[in-house]
Protein chains: 2
Amino acid sequence: MPEYIKNKAFEKHGVTLKAAAEAILVFNKSLIDALFDIVPAIKPQAAYYEMYGWEGVRVLTETISYAQSKDMFVITDGKRNDIGTTMEAYAAAHIGSVAVGDKKFTPFGSDALTVNGYLGTDGIAPLLKICKENDKGIFVLAKTSNPSSGELQDKCIDGTPIYAAMGDMCEKWGDDTIGEYGYSAIGAVVGATYPEQLSELRKRLPHTMFLVPGYGAQGGGAEGLKGAFDENGLGAIVNSSRAIMCAYKKEGCAETDFANAARREALRMREDIVRVTGLSK
Amino acid sequence: MPEYIKNKAFEKHGVTLKAAAEAILVFNKSLIDALFDIVPAIKPQAAYYEMYGWEGVRVLTETISYAQSKDMFVITDGKRNDIGTTMEAYAAAHIGSVAVGDKKFTPFGSDALTVNGYLGTDGIAPLLKICKENDKGIFVLAKTSNPSSGELQDKCIDGTPIYAAMGDMCEKWGDDTIGEYGYSAIGAVVGATYPEQLSELRKRLPHTMFLVPGYGAQGGGAEGLKGAFDENGLGAIVNSSRAIMCAYKKEGCAETDFANAARREALRMREDIVRVTGLSK
């Protein structure tokens, strides 16, 4: 986060959680303004908003609606999970709506949510209903991008790794929401840091859209992304966070040029993916 | 939620998310006042606060600090999970502290957090550090209380069910935070609805404290709880949510008597557990 944005927020709101949150909002809006015409979606990470308490969460809400006002698709990366009735509350909060008295509110109003499927079908069912009724989506963690993801996810159940079993569940959960391009509302998270599994799962899960984190700062390169896409160049959305948001640091340009640096990095990333995968823009 | 509390909040704040959140706070404070001398801990469920947007999350924060002002232990049921660097943000948010400029803030300040271990060790490591440094705790989902928990959790890896493998990881993660009663800072969530697995895991995981949901409204009875405790009557904290919060409905008493009804139900639950398990109060 550029110092000048922080300092301005501290001048206005004191050294407080509110100031930190407001600084994030200023940063986010500048990034969105610089990127919305070349980037289809943003994936705000809930943790980095909760980190600043409810003021941070307020700013998450504002970031979502600002991005949507620029026609961006918003995926809240919350990795939420719980049992049926409680999962309904998360689903309503993040991609659905909530009744208060005789009125209806959309608390966060995101377009999609990442979720953790460890609890099985009744932790996912409440989301399916909202996905169907409101044209929303979810991405279920299958093979995550972190180094220790294999501790559980690579273990085999009757010869099938858990990440693949989770992927199979995504296919099943999604089977009555398949749209015109062959993909359902139920996607899977598969890390760019595991290109073999990415290719394997693309073949195994023909109706499951992938959200692919780990490109860039986490070490996943464009070479490994090829297998994420189908023969029409569809089937995956590749995420880069730090590499774009902190491009001004890597470039060594002026802090005040951070949004332009982010745009340059996003264009570079697009070229990189197009070059390696042979996909069109 | 009693109608009179809702209506009062609507009168004050209009029919808004803020009104819903404020009504929850009034409800919570009354429950805490009626229960703090007989109940050691509360487990606010993050989903039911997020459901009312950032106003709800603000009220979660206030609920946590109000309960702590009455010397209650607070477990935020957030089932958070992410990879290393991002998990640090969740850990700081919920049980740690955050630096803003030259100041330090505790955004939620809970005593413990429930987490999902699907991502493996580097999703848990950031929490271990905070648990050790600040005397906090976590509860990792092992065998959850919902009907479909078995879809993944009961599957076997080399003859070991996943819930037990997750429990084994809890023992490992906790091994250098074992306190004077033999339990570490790393607990496990094991549902009261699965008494066999509860007994099996109690024997298998001698240093892992259990958080046991599912008693009451979800159908878990006191009979099944016996196996959750060790020979000293330690090792588990049993959670009841709806049965206590909505006791006034079941009793059919006046709405305005909801807090007393909750106290009566909590006392009944305690008697029930003491009777069956032979534990002392």
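Nothing in this text is a laboratory measurement; each read-out follows from the coordinates by a stated rule. Remember, it's a predicted structure, so these values are computed and weren't measured experimentally. For neighbour counting, all protein chains shown are included, and Cβ atoms are generated from backbone atoms with ideal geometry for every residue, glycine included.
Here are a few things to note about the model shown:
- Of all residues in region B:91-106, those satisfying the criterion of being under 16 Å from the mean Cα position of the chain (by Cα) and outside any loop (DSSP other than H, G, I, E, B) are B:91, B:94.
- Verdict on residue A:266 being without any contact (Cβ under 8 Å) to a residue 60 or more places away in the chain, in a helix (DSSP H, G or I), within 17 Å of the chain's Cα centre (by Cα) and surrounded by fewer than 22 Cβ atoms within 10 Å (Cβ to Cβ): no
- Residue A:109 satisfies every condition listed in (1) assigned to a loop (DSSP other than H, G, I, E, B); (2) free of Cβ contacts under 8 Å to residues at least 24 places away in the same chain; (3) of a type in the set (Gly, Ala, Ser) except (2).
- Every test in (1) in contact with a strand residue (DSSP E or B) (Cβ under 8 Å, 6 or more places away or on another chain); (2) touching a residue at least 24 places away in the same chain (Cβ under 8 Å) is passed by residue B:122 save one, and that test is (1).
- Qualifying residue in region A:91-99 (condition: under 30 Å from residue B:191 (Cα atoms), more than 11 Å from every other protein chain (Cβ to nearest Cβ) and surrounded by 20 or more Cβ atoms within 10 Å (Cβ to Cβ)): yes
- Restricting region A:36-63 to residues that are facing another protein chain (nearest Cβ under 7 Å), among the hydroxyl-bearing types (Ser, Thr, Tyr) and under 16 Å from the mean Cα position of the chain (by Cα), the residue that is surrounded by the fewest Cβ atoms within 10 Å (Cβ to Cβ): A:48
- Among residues of region B:119-133 being within 14 Å of another protein chain (Cβ to nearest Cβ) and in a helix (DSSP H, G or I), the one that is farthest from residue B:98 (Cα to Cα) is B:121.
- For region A:134-176, the tally of residues that are more than 11 Å from chain B (Cβ to nearest Cβ), of a type outside the set (A, V, I, L, M), crowded, with 17+ Cβ neighbours inside 10 Å and not in a helix (DSSP H, G or I) stands at 3.
- Residue A:84 being surrounded by fewer than 24 Cβ atoms within 10 Å (Cβ to Cβ), facing chain B (nearest Cβ under 10 Å) and in contact with an Asp or Glu (Cβ under 9 Å, 6 or more places away or on another chain): yes
- Lone unmet requirement of (1) acidic (Asp, Glu); (2) more than 26 Å from residue A:146 (Cα to Cα); (3) assigned to a helix (DSSP H, G or I) for residue A:180: (3)
- When region A:28-43 is filtered for residues that are touching a helix residue (DSSP H, G or I) at 6+ places or on another chain (Cβ under 8 Å) and in contact (Cβ under 8 Å) with a residue 60 or more places away in the chain, the ones remaining, listed by number, are A:30, A:31, A:33, A:34, A:35, A:38, A:39.
- The residues of region A:100-118 that are facing another protein chain (nearest Cβ under 7 Å) and more than 20 Å from residue A:47 (Cβ to Cβ), listed by number, are A:100, A:101, A:102, A:103, A:105.
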